[in-house]
Amino acid sequence: MANIKSAAKRAQIAERNRLRNKAYRSAVRTLIKNFLNAVSEYGAEPTPEKLAEVHHRMNLAYSKIDKAVKRGVLHRNTGARRKARLARILNKMLQPAA
């Protein structure tokens with residue numbers, strides 16, 4: 001444990017921020033997983049309703065990634081890379097088989 005009052009406070013703040021960041025990262029991973037599940041369901045049986053669900057899940061994931069970047073939980077490039085991967089997965093699914 002820290003002997004100096006300011007060091008103890010910094011440790012307390014660091015722990016609070018760690019838990020907040022952990023919650024954000026977990027939420028981002030969950031929303032990405034939900035998007036991937038929706039994409040696989042759409043791939044198995046393509047219907048307009050399932051496509052709308054895929055787009056909805058993608059928007060939720062994009063929003064959470066952007067908020068995590070804004071709050072400094074994720075680096076700007078990391079957020080952009082994750083969003084690009086989601087878009088690439090969706091575009092690959094929507095391409096007609098040639």
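Some notes on this structure:
- Scaled to the globular estimate 2.2 N^0.38 Å, the Cα spread of region 25-94, given as radius of gyration, is 1.10.
- Taking 19 Å as the cut-off, the amide N atoms of region 77-93 that come nearer than this to a point 7 Å along the Cα-to-beta-carbon line of L36 belong to 78-93.
- Simple spin-label estimate for K50 and A80 in nanometres, 7 Å along Cα-Cβ: 3.4
- Dipole magnitude for region 25-94: about 640 debye, using +1 per Lys or Arg Cβ and -1 per Asp or Glu Cβ, origin at the Cα centre.
- Couplings 3J(HN,Hα) of region 49-56, computed from phi: 5, 5, 5, 4, 5, 4, 5, 5 Hz, in residue order, whole Hz [Karplus 6.51 cos²θ - 1.76 cosθ + 1.60, θ = phi - 60°; x for Gly and Pro].
- Among A38, A52, A27 - extreme Cα towards positive end, dipole of region 25-94, charges at beta-carbon: A27
- Under the simplified labelling scheme, the N59-A11 pair shows an inter-label distance of 4.7 nm, with each label point 7 Å from Cα along Cα→Cβ.
- Helix-only CD estimate at 222 nm, as mean residue ellipticity for the chain, using -39500 (n - 2.57) per DSSP H run (n ≥ 4): -30000 deg cm²/dmol
- 14 Å beta-carbon shell around A8, net charge (K/R +1, D/E -1): +3
- In terms of distances greater than 23 angstrom between alpha carbons, the cross-link table entries K67/K92; K22/K67; K33/K67 yield K67/K92.
Every read-out reported here was derived from the displayed coordinates using simple, explicitly stated rules and does not represent laboratory data. Here the structure is a predicted model, which is why all the values come from computation and not from measurement. Glycine also receives a Cβ, built like all others from the backbone with ideal geometry; neighbour counts cover every protein chain displayed.
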